[in-house]
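Structure, as structure tokens:
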Amino acid sequence: MMKNGIVQRTMAGRFSSAMRAEGKKIVFTNGCFDIIHLGHLRYLEFAKAQGDFLVVGLNSDSSVRKLKGNTRPIVPELERAELLLGLKPVDAVVIFDEDEPVQLISEILPDILVKGEDWAHYVSGRDIVEANGGKVVLAKFVEGKSTTNIIKKIKEEK
């Protein structure tokens, strides 16, 4: 079901049921997490503080390409997953191919769904989580900390 912290996509629902049976309050967030930076760390620390067990839905390489263009991701999905799992707040990672994690959220049914406040206008899966008695929590955006800004700075250094 879980190998080195990476939960097989097909087992996400069963995995979350097992965590819930252990009495854990499940927190879910998602993203590309292409080049890990301080904004990601603070965001994940905030997410973990909302419950007992933090599951990160990680966009697959093909999903990132659809969302960000053919030059992304910079870091391949399995490396991004391993990097995330190396961060203290992250308990498990599930890699997903869809543009949005709606189906994954409907399988995990987290108690808390965390998204950055820059997504306040639209939180994918909000309706599912709230209909299941959970809640959505928005994390503060860490100004100036983004993968796009890092890539831009690297390009300027040439």
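Just so you know, all these numbers are worked out from the coordinates, no wet-lab data involved. Since this is a predicted model, take the numbers as computed values, not measurements. Virtual Cβ from ideal backbone geometry, glycine too; neighbours counted across all protein chains shown.
Here the contact order of the chain, divided by its residue count and restricted to Cα pairs under 8 Å and six or more residues apart, works out to 27 percent.
Thinking of the chain as a set of Cα atoms, what percent of all their pairs are more than 22 Å apart? Above the 22 Å cut-off, the chain has 37 percent of its Cα pairs.
When the Cα gyration tensor is reduced to axis lengths a ≥ b ≥ c, the ratio a/c is 1.5 or higher for region 80-130, and with a/b above b/c it is classed as prolate. Taking the Cα centre of each part, how many Å lie between region 35-49 and region 67-118? Their Cα centres are 12 Å away from one another. Here region 127-158 and region 2-17 have alpha carbon centers that stand 24 Å from each other. Rounded to 0.05, the FRET efficiency of the residue 142 and residue 106 pair, given R0 = 30 Å and the Cβ-Cβ distance, is 0.55.
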